[in-house]
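These notes concern the structure reproduced below.
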Amino acid sequence: MILGTVYAFLFLVATICLVVGVALRIIRYSRTPAPLVIPTTPAPTTTGGVVSLMFREVVLFESLFKGSKWTLLFGWLFHFGLVVALLCHLRYFTDPVWRWVEMFQWVGLYGGGVMLFGLLGLWARRFLVDRVRYISAPSDHLMLALLVAIAGSGLAIKYGIHTDIVALKAFTRGMLIFDWQPLPAEPLLLIHLTLVILLMVIFPFSKLLHAPGVFFSPTRTMKDTPREKRHSAPWADEINRSTQR
Amino acid sequence: MAKQEFPIPVIRSTPEIPPIQPGVMSHSRPFVAKAEHQEPLGFPGELVDNWKSVAIDKMEELLGKYRALPVFLDSCVKCGACTDKCHYYLGTGDPKNMPVARQDILRSVYRRYFTIAGKFFPKLVGATDLTEEVIDDWYRYYHQCSECRRCSVYCPFGIDTAEITMAGREILASIGVGQKYANEIIGKVHKIGNNLGLPEPALIDTLEGLEEEVEEEINVPVKFPLDQVGADVLLVTPSADFFAEPHVDGLIGYAKVFHQAGISWTLSSYASEAANFGIFIGNYENMQKVAERIRQAAIDLGVKRIVVGECGHAWRVAYSFWNTLIGPFDCLDSAYPTPQHICELTYDLLQQGQLKLDPAQNDDKVVTFHDSCNVSRGSRMGDTPGGQFIIPRALIQSACSNFVDMAPETTHEHTFCCGGGGGLLTDDLLELRVKGALPRVSALKRVIEEDGVTHMAAICAICKSQFSKVLPEYGMGMDMVVSVHQLIGDALVFERAQQI
């Protein structure tokens, strides 16, 4: 019971950290003006065009397709393995389990493995490509280690030492309504959960901010209509006025 | 200045990504601006005593002024997609010329002073204190970036190293360590009105000389009007067009087009410069002040339209930034876009059948086209995205029968910088310029060998000057480089001037 309370508390703290941390960054990004129009051209001239471009960027990693096919391959496998794995985890939070989540479970068999494969590919590049090795800081390796450990421990629970998922679900469901329930005291599960908590806490302080960041990137999100629509910011207009005769 | 000794890179038939060679370009740094170049721009004359706090304060100010900065500094995941995209990395192998590494010398300081991770775990996340060595690195490597935006094409988050370089240069200038070449030039524009420091009498002289020369050559009275109040079009063009080769042939081409189309136009002695080096040093105040001269000239001359000559970064500033800097343009004719590129103007005239070109005049040439970085990735021509690629090519093909494009991975949005853009077109950076031209020159060499290309057309004053200087280093003729409007001018058939 103590274990359940401790972990529920940690998850609460981690969630607050993640939500508040990311929200603060998003507020910061959205409040910072962008008076100069700087889309990387050719760029869309309509809002629909920008939405389409962002969809291709976020879902298909279009720029990486032009930039680096290996990074595209491993990066895409990792991210979409992660999305699949996350969606499958919804079954621990919904009761009754949503139908589509239930139907989705068989994909989850592959999600974790694909994610792990992508991560190992990305990590290999950090050792094998001299340029990527040069730009990798300790935190870049540790981030991969963390994600590999999360995927690895999750897969180990699924395929190796199973956990009591009924008890686990009681814990997660209870957590959602602040009703602390016991957590199965299995080392692998505790490792898995601890690493996830760590990831949630690190998120707003790390390069994982690329997830909200891409939606605020002026080179991708701005329309190429500077002649038609005037952009400005109070600080810029103040300078403009100061030079007028 | 003594000639710099350095090996000219070898052009390979299949371009290679060089292995990293740390520090090979750490000796490359341009001359530092003196007080006389700094102060007229509003910067301190020499390194200020409390430079560290001034630099950090400036960084904080910029983080609050431009959304791109916090987003770009936070978002990089070090995926490496940009590492083999910069022409300066490809030409030198110095790892700090990889776009991500160039960003990191600023990002590491940002992390140290502005993020929790960097404040508490600097070693872990690669955060560093701001030291004199860091300032030195900034000065070296922010002057080995031509702000060409090629890296931003391939970044999954659209991180544009040009924005980081501009911020780096602005911080440097604000603590008293500006770059002499760019700042001296901006000072000349503030004082005299153009980059060359060409006073009005010299400009009058030059334009009269051009009128005589052209009339002698083709027996048509093509005019080069200056300060003509009431003209329809104000042409602002890079001042290199008044003097340098092959730029001046482009200017002659514009004048011929205006003449034949019967458009009344004028140059301005007050705003005799399209270039705006304010963008290069990342300083809004100076960029705005340079642009403001043009707004003023348009009002004083009472023109209806503003047309910009062949110049890459000038077109980016005009097309993308003028509306912010000096807009809105309510007093101009809204039937035309403001500003309009000379290529757009000529293209429209051709579409309307108002100009007749005889490509046979250029039959001695096989022409290729160098997409200028700022036009390609920082602006547009015409109504549809990508018009900046279509229109210049359409113009060349109307004026020449023999046109060949270079390899697709080196043209359009993938184009390589000439190696001299971004305020680096100075002899104290010659080694960098020669090495940075390698990717473009390699692609050019291929079409020379395979397709018999004789000329490379460009629409940028910096590209034209840079190529004229570095092509001979690679054993190619400097006269290979031509202005697009030189080709137009040479092919133009003069008929009775039409009135529109």
Checklist outcome for this item: If we ask which residues in region B:468-487 are charged (D, E, K, R) and within 21 Å of residue B:395 (Cβ to Cβ), their number turns out to be 1
Item to check | Looking only at region A:223-238, and only at residues there that are touching a helix residue (DSSP H, G or I) at 6+ places or on another chain (Cβ under 7 Å) and of a type in the set (D, E, K, R), the one that is farthest from the other protein chains (Cβ to nearest Cβ) | outcome: A:223
Checklist entry - Cβ-Cβ below 9 Å, separation at least six or inter-chain, first residue in region B:157-175 and away from every other protein chain (no Cβ under 12 Å) and modelled with pLDDT under 95, second crowded, with 24+ Cβ neighbours inside 10 Å and not in a loop (DSSP other than H, G, I, E, B): which pairs? => result none
Next on the checklist: Based on this model, can you work out whether residue B:211 counts as more than 30 Å from residue B:42 (Cβ to Cβ) and modelled with pLDDT under 95?
Outcome noted: no
Item to check | Residue check for residue A:220: in contact (Cβ under 8 Å) with a residue 40 or more places away in the chain, of a type in the set (Lys, Arg) and within 14 Å of chain B (Cβ to nearest Cβ) | outcome: yes
Checklist outcome for this item: A careful count of residues in region B:475-500 that are under 17 Å from residue B:370 (Cα atoms) and in contact (Cβ under 8 Å) with a residue 40 or more places away in the chain gives 9
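Conditions (1) surrounded by fewer than 20 Cβ atoms within 10 Å (Cβ to Cβ); (2) on the phi > 0 side of the Ramachandran plot; (3) at pLDDT 95 or above; (4) not assigned by TED's automatic domain parsing to the domain that holds residue B:480, marked per residue:
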position	(1), (2), (3), (4)
B:367	no, no, yes, no
B:371	no, no, yes, no
B:375	no, no, yes, no
B:382	yes, yes, yes, no
B:385	yes, no, yes, no
B:395	no, no, yes, no
Checklist entry - Just one of A:151, A:145 is in a helix (DSSP H, G or I), within 17 Å of the chain's Cα centre (by Cα) and surrounded by 19 or more Cβ atoms within 10 Å (Cβ to Cβ); which is it? => result A:151
Item to check | Leading residue by the ranking (surrounded by the most Cβ atoms within 10 Å (Cβ to Cβ)) among those in region B:105-127 that are in contact (Cβ under 8 Å) with a residue 12 or more places away in the chain and at the interface with chain A (Cβ under 7 Å from one of its Cβ atoms) | outcome: B:125
Checklist outcome for this item: Scanning region B:322-346 for residues that are touching a helix residue (DSSP H, G or I) at 6+ places or on another chain (Cβ under 7 Å) and assigned to a helix (DSSP H, G or I), the one surrounded by the fewest Cβ atoms within 10 Å (Cβ to Cβ) turns out to be B:326
Item to check | region B:252-288, subset more than 30 Å from residue A:244 (Cα to Cα) and of a type in the set (A, V, I, L, M, F, W, C), residue nearest to the chain's Cα centre (by Cα) | outcome: B:252
Checklist entry - From the set of residues in region A:119-158 that are basic (Lys, Arg) and in contact (Cβ under 8 Å) with a residue 40 or more places away in the chain, which is nearest to the other protein chains (Cβ to nearest Cβ)? => result A:125
Item to check | Failed item, numbered, when residue B:349 is tested on (1) surrounded by fewer than 23 Cβ atoms within 10 Å (Cβ to Cβ); (2) part of a loop (DSSP other than H, G, I, E, B) | outcome: (2)
Checklist entry - Could you say which residue among A:4, A:75, A:49 is touching a Pro at 6+ places or on another chain (Cβ under 9 Å) and within 21 Å of residue B:74 (Cα to Cα)? => result A:75
Checklist outcome for this item: Picking from A:196, A:201, the residue that is within 13 Å of residue A:7 (Cα to Cα), in a helix (DSSP H, G or I), more than 10 Å from every other protein chain (Cβ to nearest Cβ) and in contact (Cβ under 8 Å) with a residue 12 or more places away in the chain would be A:196
Checklist outcome for this item: Quick count over region A:24-75, residues being under 26 Å from residue A:123 (Cβ atoms) and hydrophobic (A, V, I, L, M, F, W, C), is 10
Item to check | residue B:298, sole failed condition from (1) within 14 Å of chain A (Cβ to nearest Cβ); (2) over 27 Å from residue B:352 (Cα atoms); (3) buried (at least 22 other Cβ atoms within 10 Å of the Cβ) | outcome: (2)
Item to check | Residue count, region B:87-103 (criterion: more than 7 Å from chain A (Cβ to nearest Cβ), assigned to a helix (DSSP H, G or I) and not aromatic (Phe, Trp, Tyr)) | outcome: 9
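The values are calculated or read from the model by the stated rules, or taken from the named source; none is laboratory data. Computed from a predicted structure; not experimentally measured. Glycine gets a Cβ as well: all are built from the backbone with ideal geometry, and neighbour counts include every protein chain shown.
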